Every structure is written in C-alpha cells, then in structure tokens.
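Undergrad: Have a look at this one.
The values are calculated or read from the model by the stated rules, or taken from the named source; none is laboratory data. Because the structure is predicted, anything quoted here is derived from the model rather than measured. All Cβ positions, glycine included, derive from the backbone under ideal geometry; neighbour counts span all protein chains shown.
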Amino acid sequence: MSAATADATNAKIVENPPFKKTEPMAYAMGDIGNGFYFQLVTNYAMIYMTDALGISPAIAGIIIFVGKLISAFTDFGTGVWADNAPLRKDGRYHWFVRTLRYPLMAVIVLTFLPFVSSWALPMRITYITVIYILGVACYSATSAPYGSFASVSTPVVKHRDEMAAGRGFGSTAGGIIVTFILPLVMYTTVKDSTGADKKVLNGPVLIWVAIVFAILLWICYEITLRGTVERIRVEKGTNEHVPLWKSVKYMFSNRAMVALMLAALLLIFAQMFAGAVNAYLYKDYFENTAALAILAVQNVPVLIVAPFVPAICDKYGKKLVCGILLVFTTVVYVLMFFLHITNPYVFVAFSIVAIFGNGVFGLMVWSFITDIIDDIQVKTHTREDGTVYTGYMFARKIGQALSGLLPGIVLTATGYVTADAGEAVRQSAETLNNIYGVATLAPAIGNGLIALILLFFYPLSGEISKKNAAVLDERRAKGEM
C-alpha cells in the first residue's frame, strides 16, 4: 500500500519534511556529475579511438553501437531492480547512487590509460571494447536510479516541475563546463607532411582529465545525496512487485510514453550525432579547436531562461511550448546547411541560436516523464518510477547507439583517414564537406521529427496533467494508489 510521507489535508498536499528551495539545485548537481562521464565519453570516445588508438572509424562506431545497445537493457534492468529494492532509511533510490558511483569513477580512469596506445591493434580493440561496455553499464547503475529522484521527491506538481527544471539546468550546465574545458586541453599543434600547423588529439592528457572528472563526479553526487529527499515511498511486500512484462506492457500501451520514447530517441540521436561529428568538424573542417570550446556557451541562453520556463510551460503547456521552439531549431539548422558557413565563429553564433529550442525541451523533458508516471498510475493504480524512467532511458540509449554507429560509417564512407597518436593527417575536401553536411542536417532532421511528435502525437496537455495530479492527490488522501 502507499506509504507516501506526503498526506492530503483539505485538498492541500503537505510535504514532510517541507520542500526546500535548494533541492532543485542539489538535484542539478547530480546531472553535472553525470556529465563528467557522459559528456567526456559522448564527445571524445570515437575521436580517442580513431586518433589516439588508431582504430578505424567503422570499428570504433561498432564498439560504441554495441556498448550503447547493451546499456539500453542495463538501464531498464537497473530501473526494475531499483523499483523492487527494499526501502531504506533514506528511501529506495539514494542507495544506488551512493554505492555504485565508485565503480563508475574507476571506469572513467580505465577508459583513457595512456599506455594502451602502445599495444598491438587487436589488444587495443579488445581492451577499449570491454572497458566501454563496462563503463556504460556502470553509468546505468547510477544514472537510472538518480533519474527517479525527481518523481519521488514530492507529490506537488509545481515542485516536481522545479526538480525537473533543476535537472535540466544541471545537464545543460554540465555540458557547458565539460565541452568548454576539453577542447582547450585535449589538442596540441604539430607539423603535417607539408610543414603546416595541424591540431591533433593529445591522447596522454586524457588520463589526467579522467582522474579530475572522477573526483568531481563524486563531489557532485555527494551534494545531490545530501540535498534531496525521497518523500513519496511505496512499501512493497513480496507479492506486490510488478512483473517486468507487466511494466513493459503498461509503458507500450500508453500513448504518451510511446511518444516520449520516440522523441527521446530522436533527441539524443540529434545531439550526440552532431556532438561526435563536431569534434571532426572543428579539428579538420574549420581547423580551429578554440572555437569548439566557445561552442560550449551555446546553452547559456537556455540557462538564463531556465527559472522562467516552468511558469511558461505551466501557462501554455509543455507540449506546445517545446513543440514550437523545436520547429524554430529545425529552421535554423536547415539555414546553416544551405549557407555552408566557413567561418567557425559565425558557425558558433548560428549554433547558439539553433540550440535554443532543443535546449528548452531538454530542460523540461524530465517533467514530461513525471507527468507520464502520474498518467500510468491513474490508469493502472501502480507506481513504478524507476521502470518508467528507464523505459525512457531505453529509448535514449537506442538513439545513443545509432549516433555512435552512424558517424563512424559516414566518416569511413567519405574516406576519413585515421592517425596514429600524434600524427597529423589532412583530410580531402570531399570528406570535409560531408562532415559539414552531417553536422547540420542530422540535428535539423532530428529536431523536426521531435516537433511533429510533440505537437501531433503526444497526448498529455497541461490541462490533462493537472487533472491527473488532482486525481492522485485525492487517492493519497484516502490512502490509495
């Protein structure tokens, strides 16, 4: 039965302990911590494999594809495990982050050991494959339960939206921090065969980046653990666990969940596909990795409006606000494709404008999830926060898998030449033009499809979400699910 610590009195929800204004920012720190692994691996795993380990783009793409595909299932499995875990003093989900962050910290360091580049090629491929798969599994073990914090922290819709916006803020801020720092330290200048200066990946420096990032990840998680509270708790007996097949059936029979899973797949595909290609775009097409660091500020406008987004979405509805802004994002990326920009700083300026709609959707997507959790609970009288969250993450991981595989295939098809560590290779004009096309058209197509899904397929308007919250408030007052 429900054991939520928040009870309803005279139709007003009482949070116990009282919700603190600092909780959304404490929650945000966890996603900043996530970024120290996720952003590092997302943006630099492929270029590390190709330019430091000398692995072909096609093989590197397959490694990433397999790893992300496996992580889609480890995410889902971790979510079910967390949902069925016993309640502890601090709740059900905090334990997972507190305990399993340590293996993740170790994997961050093991991924970038500098001496691996001196091994024979088959050994390099085997090692990075094993470590990459281990890394995404460890990331699932912490990020999946962490994602459930927002929905179990409070039954109050406004406060849940603030928690979701806090996580979105953390994700955006973490991305800015990581993507700004890395291009400044990860590249060095050498002479190519013609005697001209050429930027190359400085593989050995990555081990120091990994060590620092592992420490920062621990600190960020610790702030989240100390600053958030699980208020909604469902005590489950041995016969009350929802079978995995039933949880899956709930999700795939819910139109809102299906729509959000499709949107999530496309969102992460567009973001990561462009992110992976951007490393090559700025290194080879623009030959300006400093501009790649400046690109980190592209989400600053989203951070500026973040405090106001929940109120705007509350007034007009999340699906309408995000859908319209994603149409805007699509139009700007299409314009960038046809302009074929050659100045890296002009490209950065356009990117800052283009990413705004995508960024706002990323900011509020966690609130979409809590609305869906409520919708499923209204219809089924069961609450499976971790399972629903990881169903969403399953779709994200499929997008990540595709975005890891396809850039490698594209680079191989266009004749991209890999390099041994420290070697300078100049790519052909055809390869460079194809890289530019991919970096602009992929996010245009992805964001355009997300806009269509939200505007025409996703069913939960702001009004429906508020009605669902009212139904659940009434049930809690009666001690029901």
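Undergrad: Across the range 117-133, what is the total count of residues that are part of a loop (DSSP other than H, G, I, E, B) and either buried (at least 19 other Cβ atoms within 10 Å of the Cβ) or among the small types (G, A, S) (or both)? Give the steps one after another, and end with the answer.
TA: First, pick out the residues of the range 117-133 that are part of a loop (DSSP other than H, G, I, E, B): 119-120.
From the residues that got through so far, the ones that are either buried (at least 19 other Cβ atoms within 10 Å of the Cβ) or among the small types (G, A, S) (or both) too are 120.
Residues that pass the stated criteria total 1.
Undergrad: Identify the single condition in (1) closer than 26 Å to S461 by Cβ; (2) assigned to a helix (DSSP H, G or I) that V332 does not satisfy, given that it satisfies every other one.
TA: The number of the failed condition is (1).
Undergrad: Could you list, in sequence order, all residues of the range 201-258 that are more than 26 Å from E162 (Cα to Cα), among the polar types (S, T, N, Q) and either at pLDDT 90 or above or in contact with a strand residue (DSSP E or B) (Cβ under 7 Å, 6 or more places away or on another chain) (or both)?
TA: N202 - this is the single residue of the range 201-258 that is more than 26 Å from E162 (Cα to Cα), among the polar types (S, T, N, Q) and either at pLDDT 90 or above or in contact with a strand residue (DSSP E or B) (Cβ under 7 Å, 6 or more places away or on another chain) (or both).
Undergrad: A further question follows. Hey, could you check the range 106-116 for residues that are out of contact with any Phe, Trp or Tyr (no Cβ under 6 Å at 6 or more places or on another chain) and either more than 18 Å from I55 (Cβ to Cβ) or hydroxyl-bearing (S, T, Y) (or both) and say which is surrounded by the fewest Cβ atoms within 10 Å (Cβ to Cβ)? Before the answer, list the steps.
TA: First pass over the range 106-116, keeping only residues out of contact with any Phe, Trp or Tyr (no Cβ under 6 Å at 6 or more places or on another chain): 106-107, 109-115.
With either more than 18 Å from I55 (Cβ to Cβ) or hydroxyl-bearing (S, T, Y) (or both) added as a condition, the list becomes 106-107, 109, 111.
On the way: A106: 14, V107: 22, V109: 17, T111: 23.
Looking at the filtered set, the residue picked out is A106.
Undergrad: Residues of the range 86-129 being charged (D, E, K, R) and under 22 Å from E222 (Cβ atoms), which ones? Even if it seems obvious, please write down each step before you answer.
TA: Our first condition is that a residue be charged (D, E, K, R); within the range 86-129, this holds for 88-90, 92, 98, 101, 124.
R88, K89, D90, R92, R98, R101, listed by residue number.
Undergrad: Here is a list: A401, A442, A421. Which entry is closer than 21 Å to T329 by Cα, at pLDDT below 85 and in contact with a helix residue (DSSP H, G or I) (Cβ under 6 Å, 6 or more places away or on another chain)? Explain how you work it out, then say what you get.
TA: Numbers: A401 fails: closer than 21 Å to T329 by Cα; A421 fails: closer than 21 Å to T329 by Cα.
From the options A401, A442, A421, the qualifying one is A442.
Undergrad: Which members of the range 16-52 meet the condition of being of a type in the set (D, E) and either under 18 Å from A306 (Cα atoms) or free of Cβ contacts under 8 Å to residues at least 12 places away in the same chain (or both)? It would help to see each step written out before you state the result.
TA: First, the residues of the range 16-52 that are of a type in the set (D, E): 23, 31, 51.
Correct list: E23, D31.
Undergrad: Is it the case that some residue within the range 19-42 is part of a helix (DSSP H, G or I) and over 20 Å from the mean Cα position of the chain (by Cα)?
TA: Taking the range 19-42 as the starting set, the residues that turn out to be part of a helix (DSSP H, G or I) are 23-42.
From what is left, the residues that are over 20 Å from the mean Cα position of the chain (by Cα) are 23.
Yes, that holds for at least one residue.
Undergrad: Which residues, taken from the range 150-174, are touching a Phe, Trp or Tyr at 6+ places or on another chain (Cβ under 6 Å) and either of a type in the set (A, V, I, L, M) or under 17 Å from L472 (Cβ atoms) (or both)?
TA: A150, T154, H159, M163, A164
Undergrad: Which numbered condition trips up V297, out of (1) of a type in the set (V, I, T); (2) within 21 Å of S367 (Cα to Cα); (3) surrounded by fewer than 20 Cβ atoms within 10 Å (Cβ to Cβ)?
TA: (2)
Undergrad: Given the residues T22, T78, T99, which is the only one that is surrounded by fewer than 22 Cβ atoms within 10 Å (Cβ to Cβ), among the polar types (S, T, N, Q) and under 15 Å from C138 (Cα atoms)? Steps first, answer last, please.
TA: Details: T22 fails: under 15 Å from C138 (Cα atoms); T78 fails: surrounded by fewer than 22 Cβ atoms within 10 Å (Cβ to Cβ).
None of the others qualify; the one that does is T99.
Undergrad: Of the residues T111, T99, which single one is in contact with a helix residue (DSSP H, G or I) (Cβ under 6 Å, 6 or more places away or on another chain) and not hydrophobic (A, V, I, L, M, F, W, C)? Show your work before the answer.
TA: On the way: T99 fails: in contact with a helix residue (DSSP H, G or I) (Cβ under 6 Å, 6 or more places away or on another chain).
None of the other options fit; the residue is T111.
Undergrad: Being modelled with pLDDT of 85 or more and β-branched (V, I, T) is true for just one of I304, I294. Which residue is that? Steps first, answer last, please.
TA: Numbers: I294 fails: modelled with pLDDT of 85 or more.
Going through I304, I294 in turn, the sole match is I304.
Undergrad: Moving to a separate point now. Would you pick out the residues in the range 307-349 that are among the basic types (K, R) and surrounded by fewer than 21 Cβ atoms within 10 Å (Cβ to Cβ)? Show your work before the answer.
TA: Step one: filter the range 307-349 for residues among the basic types (K, R), giving 315, 318-319.
The one that is among the basic types (K, R) and surrounded by fewer than 21 Cβ atoms within 10 Å (Cβ to Cβ): K315.
Undergrad: Quick one: count up the residues across the range 78-126 that are over 21 Å from the mean Cα position of the chain (by Cα) and among the basic types (K, R).
TA: Residues meeting the conditions: 4.
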